[in-house]
Amino acid sequence: MMSMIDQQAKDSPISGLGVIVMAAGLGKRMKSNHVKVLHQVAGQPMVLYAVDVALRVGDHRIAVVVGHQAEKVRQVIEAGTTGKPGAQSVRIVEQTQQLGTGHAVMQSRSVFSHDGEARPAHYLILN
């Protein structure tokens with residue numbers, strides 16, 4: 001059953017909203033050898049929950065910033081979004097050095113400023 005919030009997001013994405021999903025961290029505080037964003041929650045990697053929300057609420061491109069074990073994360077995101085509405089708007093950007101959230105946001109600039117399109121008026125950062 002779809003909640004009222006889910007229904008509203010599905011019916012009307014927020015105009016002028018670009019979404020940045022942070023998926024580059026090392027996950028040191030989790031004390032796990034497994035990639036933080038790929039930990040399973042209710043049968044799905046954590047990062048896919050954030051990407052699913054981004055697909056529902058934004059009307060611009062979605063930047064997913066990857067870093068630690070980037071290729072594994074990229075494969076999971078690509079497999080998890082294939083065939084979903086809006087999947088073509090997901091762009092994966094690599095942060096080769098993990099220098100913090102501000103640096104990660106800067107890595108996503110190219111996603112929102114090419115092809116002569118207007119930049120989003122607002123950004124949602126999912127961390």
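The values are calculated or read from the model by the stated rules, or taken from the named source; none is laboratory data. What you are looking at is a predicted structure, and each value in this text was computed from that prediction instead of being measured. Here Cβ is always computed from backbone atoms with ideal geometry, including for glycine, and neighbour counts include all displayed protein chains.
The one condition from (1) surrounded by fewer than 16 Cβ atoms within 10 Å (Cβ to Cβ); (2) touching a helix residue (DSSP H, G or I) at 6+ places or on another chain (Cβ under 7 Å) that Asn33 does not meet is (2). Scanning the stretch 63-74 for residues that are farther than 13 Å from Val19 by Cβ and either touching a strand residue (DSSP E or B) at 6+ places or on another chain (Cβ under 6 Å) or surrounded by fewer than 12 Cβ atoms within 10 Å (Cβ to Cβ) (or both) gives Val66, Ala70, Glu71, Val73, Arg74. Within the stretch 30-43, residues that are of a type outside the set (Gly, Ala, Ser) sit with their Cβ atoms under 6 Å from residues that are at pLDDT 85 or above and part of a loop (DSSP other than H, G, I, E, B), at 6+ positions apart or across chains, in these pairs: Val35/Gln69.
Here is a yes/no grid of residues against (1) over 19 Å from Ala24 (Cβ atoms); (2) within 12 Å of the chain's Cα centre (by Cα); (3) touching a residue at least 24 places away in the same chain (Cβ under 8 Å):
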| site | (1), (2), (3) |
| --- | --- |
| Leu48 | no, yes, yes |
| Gly58 | yes, yes, yes |
| Val66 | no, yes, yes |
| Ser110 | no, no, no |
| Leu126 | no, yes, yes |
